[in-house]
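Novice: Mind having a look at this structure? Questions to follow.
The values are calculated or read from the model by the stated rules, or taken from the named source; none is laboratory data. Since the model is a prediction, treat every value here as computed from it, not as a measurement. When we count neighbours, we look across all protein chains shown, and the Cβ atoms used for this are built from the backbone with ideal geometry, even at glycine. Quick note on the areas: whole protein, heavy atoms, side chains included, nothing else; ligands and nucleic acids left out. Shrake-Rupley method; radii C 1.70, N 1.55, O 1.52, S 1.80 Å.
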Amino acid sequence: MKPDTLPSVVAEHAEEAAFLWLQRTHAVHAPNYSPRQFADLDERLAAHIDGLRVAGDDGWQCAAEALENEGPEDFFPAAVLAVESADGRFDDLLARAQAAPRAVPGLVSALGWVEPAHLGHRVKALLGGEAPLARKLGVAACALHRRDPGAVLDAALADEADSVRIRALRAAGELGRTDLLPLVLALLGEAKPELRFWAAWSAVLLGDRGHALDALRAFALEPGPRQMRAFQLALQALDVGAGHALLSECTGLPGAARLRIVGAGFVGDARYAPWLIEQMAQPAAARIAAEAFVGITGVDFNLEQMEVPPPEGFEDGPSEDPDDENVDLPEDAALPWPDAQRLQRWWQANAARFAPGARWFLGQPVSEAACAQVLREGFQRRRVAAALHRTLLQPGMPLFPTSAPAWRQQRWLDRLG
């Protein structure tokens with residue numbers, strides 16, 4: 001132990017890094033994280049990683065001890081240190097992760113977190129690795145940094161391991177590899193749903209509006225872990241009329257009311273605005289209806305003073321029952337409560353600005369300039385939508401990485417002009 005290194009301080013760095021990583025995984029798609037707030041979170045996480053880094057062997061030992069928990073949040077700090085080292089630590093983590101698949105997201109995230117200078121030899125070794133997990137991580141690292149691995153990605157689409165092919169399919173869409181569209185479309189006929197899903201997702205981003213979009217619509221109507229990602233991209237890619245039809249097909253699905261409200265925001269047609277205001281009368285739907293309304297019109301709740309306190313007696317969050325193991329916050333907890341009457345008055349004064357039948361995104365027609373503005377200023381959930389819109393407008397354009405470290409995102413935004 002270094003003379004100036006306190007064990008309690010090093011342990012706190014490891015614990016806080018793990019906690020902040022978990023917070024960050026939520027923040028990536030959260031409706032209430034602005035670019036500044038996301039950057040603050042990343043700066044705090046980076047400070048704790050730096051604390052482990054400065055502690056040298058003591059920092060590594062503390063991070064390595066947490067690996068026994070086998071959580072992705074525990075693997076992330078250790079993996080960052082291991083990637084940056086020149087020894088075999090990362091290889092050891094890779095071997096441990098093969099026996100603890102739950103930890104793999106921590107390794108993937110670490111590869112996306114570190115600076116490219118630490119990755120050249122590491123990624124080359126991963127891409128040529130014998131273990132499927134190594135090849136998957138190599139492809140993921142290239143995609144997260146938006147570095148095209150060239151012919152290696154072509155080969156990964158034909159890999160014998162499904163996990164590698166799945167990550168390669170996703171990477172093809174993220175990197176804008178339109179030359180791979182025929183290979184991607186050929187995988188739409190795969191028996192395994194995960195392969196079909198990522199083939200459809202990437203093919204739509206790469207410009208296909210035929211079989212791939214049909215497949216994505218099917219996933220959007222199928223309850224499960226892929227539904228919301230498919231639902232959003234399908235509605236953003238479909239023309240407005242076809243988007244209406246997809247929302248109509250949601251009737252009868254589990255959670256159909258919520259799907260239709262959220263989907264209205266993705267479609268972006270102003271004809272939904274009065275209906276969304278009506279939905280705000282129901283506490284269970286009020287906040288998501290307001291979010292969809294803002295997604296279409298761009299109205300600023302703070303500027304227009306349209307946020308109100310929660311309804312009296314409304315309980316939101318984990319119950320006070322000590323036997324209730326569900327301690328997760330509801331998905332809508334971060335959204336503001338809308339003043340429906342003020343929104344109604346605002347809509348009456350501003351409705352003429354919004355032609356029905358067109359797609360509106362935060363009060364503007366969808367354009368590359370509008371998407372760039374949202375990427376610079378919008379909340380994370382809006383930024384995800386803006387990144388999708390931007391690539392859909394110009395297939396072949398790499399998908400803007402809204403989950404990348406904030407300082408790297410800023411460098412990419414600076415290049416947009």
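Novice: Report, to one decimal in Å, the Kirkwood hydrodynamic radius for region 333-375 based on all distinct Cα pairs. Don't jump to the answer; show the numbers that get you there.
Specialist: Values: mean 1/r = 0.0799 Å⁻¹.
It works out to 12.5 Å.
Novice: For the chain, calculate the relative contact order in percent as a whole number, restricting contacts to Cα pairs under 8 Å that are 6 or more residues apart.
Specialist: Numbers: 587 pairs, mean separation 65.0, N = 417.
Averaging sequence separation for qualifying contacts and normalising by length gives 16 percent for the chain.
Novice: Okay, next question. On the first, second and third principal axes, largest extent first, how far apart are the outermost C-alpha atoms of region 1-103 in Å?
Specialist: For region 1-103, the Cα extents along the three principal axes come out at 40, 36, 23 Å.
Novice: Under unit Cβ charges (Lys, Arg +1; Asp, Glu -1), what dipole magnitude, rounded to 20 debye, does region 172-238 have relative to its Cα centre?
Specialist: Details: 7 positive and 7 negative charges, 23 e Å.
Its charge dipole is roughly 120 debye.
Novice: Let me ask something else. Pop out the Kirkwood hydrodynamic radius of region 106-246 from its pairwise C-alpha distances, inverse of mean 1/r, in Å to one decimal. Intermediate results must be reported in sequence, preceding the final value.
Specialist: On the way: mean 1/r = 0.0646 Å⁻¹.
Computed over region 106-246, the radius equals 15.5 Å.
Novice: So, by mean Cβ neighbours within 10 angstrom, what's the order for 408-416, 339-347 with the highest one leading?
Specialist: Working: 408-416: 13.2, 339-347: 17.0.
Ranked from most to least packed, the peptides come out as 339-347, 408-416.
Novice: Report, to the nearest 10°, how far helix 7-27 tilts away from the longest principal axis of the Cα atoms in the chain, using its own Cα long axis and a range of 0 to 90°.
Specialist: 30
Novice: Right, another one. For a test of the definition: using alpha carbon positions, the gyration tensor, and the 1.5 limit on a/c, classify region 240-318 as rounded, prolate or oblate. Before the final figure, lay out each step's value.
Specialist: Details: a/c = 2.72, a/b = 1.32, b/c = 2.06.
Taking the square roots of the gyration eigenvalues as a ≥ b ≥ c, region 240-318 is oblate.
Novice: To the nearest Å, what is the center-to-center distance of region 379-417 and region 259-292, using C-alpha atoms only?
Specialist: With region 379-417 and region 259-292 each reduced to a Cα centre, they are spaced 25 Å.
Novice: Looking at Cys250, Gln305, Ala270, which one has the Cα that reaches farthest to the positive end of the dipole of the chain (charges on Cβ: Lys, Arg +1; Asp, Glu -1)?
Specialist: Final value for the positive-end residue is Ala270.
Novice: Right, another one. Over all alpha-carbon pairs of region 99-152, lay out the pair-distance distribution in 5 Å bins, whole %, shortest bin first.
Specialist: Computed distribution, short to long bins: 5, 20, 33, 26, 12, 3, 0.
Novice: Considering only protein heavy atoms and a probe of 1.4 Å, how much of the accessible area of region 188-255 is carbon and sulfur, as a whole percent?
Specialist: Numbers: 1470 of 2650 Å².
Carbon plus sulfur share of accessible area: 55 percent.
Novice: Amide H neighbours of Trp337 under 5 Å, counting only residues 5+ apart in sequence or on other chains, H built in-plane at 1.01 Å?
Specialist: It is Val308, by chain and number.
Novice: Amide H neighbours of Asp269 under 5 Å, at least 5 residues apart or on other chains, H built in the peptide plane: list them.
Specialist: Those lying under 5 Å, H to H, from Asp269 are Trp360.
Novice: With only alpha-carbon atoms counted, please give the Rg and Dmax of region 350-417, in Å.
Specialist: 12.9, 40
Novice: Given a cut-off of under 8 Å on Cα pairs at least six residues apart, what relative contact order in percent is computed for region 194-242? Let's see the in-between values first.
Specialist: Working: 41 pairs, mean separation 15.4, N = 49.
Over region 194-242, the number comes to 31 percent.
Novice: Taking the Cα centre of region 6-120 as origin and charging only Cβ (+1 Lys, Arg; -1 Asp, Glu), how large is the dipole, in debye to the nearest 20?
Specialist: Values: 7 positive and 19 negative charges, 87 e Å.
With Lys and Arg at +1 and Asp and Glu at -1, about 420 debye.
Novice: Just need log10 I(q)/I(0) for region 154-209 at q = 0.19, 0.29, 0.30 Å⁻¹, Debye formula, equal scatterers on the alpha-carbon atoms, no solvent, rounded to two decimals.
Specialist: -0.50, -1.23, -1.31
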